[in-house]
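*Asks:* Let me begin by handing over the structure; questions about it come next.
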Amino acid sequence: MALTELVTPVPKRQTLGADVHAQIRELLTSGRLRPGEQISLRTTAQALGVSVMPVREAVYQLVAEQALEVTANRSIRVPRMTVSAFREMTYIRVHVESLAAHHAAQHCTKALTREMRGWNEKLEAEMRTAEPDAAKLILFNRELHFAMYRAAQMPLLFKMIESLWLRVGPILNYDLRSGSPRVKERTAVTHHKRMIAALDKGDTVGAGEALRDDIQSAANTIIAAGVLLDADDAGDEG
C-alpha cells in the first residue's frame, strides 16, 4: 500500500512536528511499517503535505527512541529484531502489561468490558471471513488491548506500554498479517474472552494470566515462523 494511503496530510499549525511524529509512531505501532522497510524523508514529507524538515526531526527522534535506525549508508529503516531481543521484549511485555491488566481488573467498569467485547466481536467476525483484512485485525486487537491499559489508570505504565508497542509493533503483528493458524483458529479471540471474563469478576490474577497467554501465543508463532534474525545475521545488517 502506498504511503499516501496510510497517512493523513498534516494541518499547518505550531504542533506540526508533533503531528508528524505521531503519524509515523502510529505506522510503527500498528505494524503498517515492517521490519527492514526503508523510510524516505522526501516521500514521507510529500505524503503528509509538509516540508522535509519536520519529517527529519520526527524520524531522528524515533531513531533516539530506537524505533527506527540509521544504516551504514545513512538510510533510515525500521529495525529488524533478533530472536534474543524479541524474547527479551516479550518477557518485559508479559510483566508490564500483566500489571496493567491487574490494575484494570481493580478499576473495571461495565463500560470497559462492553467496549472490549465490541472490539473482540469485530476481531472474531473479521477472522471468520474468507480473506481477513490484516489492517482491521491489527486495529481491533490493538484497540481492545489499549482500552484495558487505559483503564488501569496508571499514566506512567501506559507510556511504558506505548513505548514497547512502538518498538515491537512492526514484528508483533506478523501473525495477524500473515494469515497464520492463530487467525484461522481465532486464538487471540479466545484469550480475549478469558481476559474480559476475568475483568468482569475483578479477577486480577485471571486477567493477568489471560493476557500473558495471549502475548506468549503470538510470540511463539512469530519465533516459529523464522522471520527474526539470529545473532550472526544481525551482525551482517547495515
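The numbers here are math on the coordinates, done by the rules we state, and not lab data. Just so we're clear, the structure is a prediction, and the values are computed from it rather than from any experiment. Here the Cβ is made from the backbone with ideal geometry for all residues, glycine too, and neighbour counts use every protein chain on show.
*Asks:* When the helix-only estimate is applied to the chain (DSSP H runs of n ≥ 4, each -39,500 (n - 2.57), divided by the residue count), what is the mean residue ellipticity at 222 nm, nearest 500 deg cm²/dmol? It would help to have the intermediate numbers written out before the result.
*Replies:* On the way: 13 runs with 168 residues, N = 238.
-22500 deg cm²/dmol, from helical runs alone.
*Asks:* Once the dipole of the chain is set up with Lys and Arg at +1 and Asp and Glu at -1 on Cβ about the Cα centre, which of ALA58, LEU112, LEU164 lies farthest towards its positive end?
*Replies:* Among ALA58, LEU112, LEU164, the one farthest towards the positive end of the dipole of the chain is LEU112.
*Asks:* If contacts are Cα pairs under 8 angstrom and at least 6 residues apart, what is the relative contact order of the range 52-179 in percent?
*Replies:* 28
*Asks:* Follow-up. Given the chain, what count of lysine pairs have C-alpha atoms under 25 Å apart, with each pair 8 or more places apart or on different chains?
*Replies:* 14
*Asks:* Between the range 53-110 and the range 122-170, what is the C-alpha centre distance in whole Å?
*Replies:* 14
*Asks:* Sticking with this one: What percentages make up the Cα-Cα pair-distance distribution of the range 62-162 when the bins are 5 Å wide from 0?
*Replies:* Percent of Cα pairs in each bin: 2, 11, 15, 15, 18, 16, 13, 6, 2, 1, 0.
*Asks:* Working from the pairwise distances between different alpha carbons, so that the mean of 1/r is found and then inverted, what is the range 125-185's Kirkwood radius in Å?
*Replies:* 12.7
*Asks:* Can you list the DSSP H helices in the chain whose Cα atoms extend at least 24 Å along the helix axis and whose mean Kyte-Doolittle hydropathy is 0.5 or higher?
*Replies:* Sorted by number, the helices that extend far enough and score high enough are 155-172.
*Asks:* Hey, rough spin-label estimate for VAL96 and ALA197, points 7 angstrom out along Cα→Cβ, what's it come to in nanometres?
*Replies:* 3.0
*Asks:* Taking springs between alpha-carbon atoms closer than 10 angstrom, which of ARG93, ARG117, ARG74 fluctuates most in the Gaussian network model of the chain?
*Replies:* Checking each option, the largest mean-square fluctuation is seen for ARG74.
*Asks:* Determine the sum of side-chain charges near ASP213: Lys and Arg each +1, Asp and Glu each -1, restricted to other residues whose C-beta is under 15 angstrom from that of ASP213.
*Replies:* 0
*Asks:* Given +1 on the Cβ of Lys and Arg, -1 on the Cβ of Asp and Glu, and no further charges, what dipole in debye does the chain carry about its Cα centre, rounded to the nearest 20?
*Replies:* So the magnitude is around 620 debye.
*Asks:* Let me ask you something else. Along its principal axes, what span do the Cα atoms of the chain show, with the longest given first and each in whole Å?
*Replies:* So the extents along the principal axes, rounded to whole Å, are 52, 45, 38.
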